Amino acid sequence: MSHIAPAPSGQELADFEAQCNGWFAANVTADPGFMLPLTFMEVSTDQQFDFLRDWQRKVYEAGYFGMSWPAEYGGRGMHPEYQRIATRIMKQHDAPIMINAIGNGWTGPLLLDLGREEDKRRFIKPMLSAEEIWCQGFSEPEHGSDLGSAHTKAVRRGDHYVINGSKIWTSLGDRADYMILLARTSNDPGQSKYAGLSFFLAPMKIPGVETRRLKKLTGEYGFTQCFFTDARIPASGLMGEEGHGWSMAMKTLEYERGAKVNPAGGYFVKEMDVLAIVDLARKARRGGKPLLDDPVIRDRLAGFMIDIQALNLNNQRRRMAPLNQDRPMGLALMNKLARTELVRELTEFSLQFLGTRAGYYVGDPGAQDDGYWHRAYLNSFSATIGGGTSEIQRNIIGEHVLGLPKTR
């Protein structure tokens with residue numbers, strides 16, 4: 001990546017924060033007239049997709065997204081503190097999510113770190129503006145989180161690779177222009193299963209690529225299964241060396257799991273607002289009194305607030321090297337596990353406040369907040385699976401942070 005811009009003064013940051021606050025106050029739509037996704041994994045309708053794509057483009061063109069990415073590739077080349085402020089202001093105004101999560105959260109940082117110059121100039125700007133949407137082709141049917149057992153094949157034929165196989169749980173796969181694809185280019189029994197994998201920047205809208213939408217427990221269609229049947233992708237799409245894709249995939253997962261901070265800014269998943277749950281408990285009644293008066297409920301809510309604050313402070317702490325000398329990757333690697341499990345517990349806890357409305361879901365006339373709480377709870381499970389299940393995350397922490405022996 002390019003060098004970091006000079007640190008701004010306190011007054012410059014204050015002026016920028018006021019400017020940023022004014023823009024989002026004027027441009028965030030409180031109610032677009034339809035249900036907006038809580039995460040990029042829940043985009044089901046054309047209406048949702050078009051709205052979120054237009055929103056990301058609008059934020060980018062206003063200068064509040066991709067601020068610290070190099071200007072020569074479509075960013076602004078500004079100090080990261082500006083982007084941190086812009087993202088914080090987005091959250092304060094409850095702005096919609098950025099839709100191009102795989103592009104801006106995973107692929108872009110990977111290209112900036114390890115990509116070729118021509119790929120940076122070709123792909124970075126359109127992924128920031130959401131002109132080109134990206135998806136991820138890692139997981140396969142029958143293999144779960146065991147990426148090393150990928151069976152999708154890529155065979156070199158002149159200046160192309162011919163792809164055959166299938167990928168699953170592909171968020172936005174039916175709408176994506178490109179995929180980061182992990183495929184097997186060799187299968188030597190004498191080699192490690194990781195040695196024969198290669199990493200591609202693969203076009204999606206070509207002959208031989210078919211996507212099938214998968215209906216989730218929530219009734220939404222956020223995932224797809226992708227099928228490759230003699231699909232021909234340019235050999236120039238190979239990133240790194242053939243057979244060395246595993247290291248690229250692991251680097252990508254550092255971004256997905258939060259081990260490296262996403263420098264593009266914005267957010268792709270709405271965080272659960274614990275204060276909204278406090279308000280829900282205040283409105284709920286038990287024995288004629290607000291449920292919030294129950295000391296057990298108050299204690300649990302206070303515990304959740306403490307946990308959220310601890311995670312937020314740890315997120316700041318991990319950027320300060322002197323505070324992480326004992327276990328440099330500890331906080332980064334635990335963040336994904338701790339935060340996703342906390343959201344699952346918090347959303348489950350919120351359901352007990354719904355009383356007689358607990359049986360209603362999105363679209364039902366009697367649903368509390370149009371089924372928001374049920375929907376948030378059911379969707380919370382996807383985050384505990386994507387990027388490696390919570391069980392996988394525990395293994396990673398045990399092996400790479402605590403130095404425990406590798407499990408079988």
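Any read-out appearing in this document is the output of simple, stated calculations on the displayed coordinates, not a laboratory observation. As the structure is a prediction and not an experimental result, all values here were calculated from the model. Cβ sites come from the backbone with ideal geometry, for glycine too, and all protein chains shown count toward neighbours.
In this calculation the C-beta distance from E142 to N315 is compared with R0 = 35 Å, giving a FRET efficiency of 0.45.
Remark: relative contact order (the chain) = 14 percent; criterion is Cα-Cα distance under 8 angstrom and separation of 6 or more residues. Each helix, a run of at least 4 DSSP H residues, gives -39500 (n - 2.57); summed and divided by the residues of the chain, these come to -12000 deg cm²/dmol at 222 nm.
Once fully extended, how much extra length lies between L323 and A235, figured as 0.36 nm per residue of separation less the alpha-carbon to alpha-carbon distance?
Gain in length upon complete extension: 27.3 nm.
Distance between the modelled labels on R116 and R286, one decimal in nanometres: 6.2 nm (7 Å Cα→Cβ projection). Length available on full extension from Y361 to L404: 0.36 nm per residue minus the Cα-Cα distance, which gives 11.1 nm.
Counting Lys and Arg as +1 and Asp and Glu as -1, what is the net charge of the other residues whose Cβ lies under 11 Å from the Cβ of P207? Combined, the nearby Lys, Arg, Asp and Glu give 0. Residue pairs exceeding 25 angstrom between C-alpha atoms, taken from K125/K215; K120/K193; K91/K205; K205/K336; K251/K406; K167/K193: K125/K215; K120/K193; K91/K205; K205/K336. Placing +1 on the Cβ of every Lys and Arg and -1 on the Cβ of every Asp and Glu, with nothing else charged, gives the chain a dipole about its Cα centre of roughly 560 debye.
Using a cutoff of 8 angstrom between alpha carbon atoms and counting only pairs six or more residues apart, the relative contact order for the range 1-103 works out to 40 percent.
Roughly how many Å is it from the Cα centre of the range 191-247 to that of the range 38-66, as a whole number? Distance between centres, Cα-based: 23 Å. Separation of the range 270-310 and the range 317-363, taken as the distance between their Cα centroids, equals 16 angstrom.
Computed on the Cα atoms alone, the convex hull of the range 135-256 gives a volume of 104 cubic angstrom per residue. Put a dot 7 Å past the Cα of K193, heading toward its Cβ, do the same for E391, and the two dots end up 1.5 nm apart. Measuring nothing but how far apart in sequence close Cα pairs (under 8 Å, 6+ apart) lie, relative to its length, the range 280-355 scores a relative contact order of 31 percent. Each residue, D15 and E345, gets one label point 7 Å from its Cα in the Cβ direction; the gap between the two is 4.6 nm. Tally Lys and Arg at +1 and Asp and Glu at -1 over the other residues with C-beta under 9 Å from the C-beta of T152: what net charge comes out? Local charge sum for T152: +2.
Checking [x] 32, 27, 25; [y] 66, 22, 15; [z] 35, 26, 23 against semi-axes √(5λ) of the Cα gyration tensor in Å calculated from these atoms, the matching label is [z].
Expressed in Å, the radius of gyration and Dmax of the Cα atoms of the range 270-376 are 17.0, 54.
On the basis of the beta-carbon distance and an R0 of 56 Å, I206 and R298 show a calculated FRET efficiency of 0.45. Taking Cα atoms only, the orientation of helix 10-27 departs from the longest principal axis of the chain by about 80 degrees.
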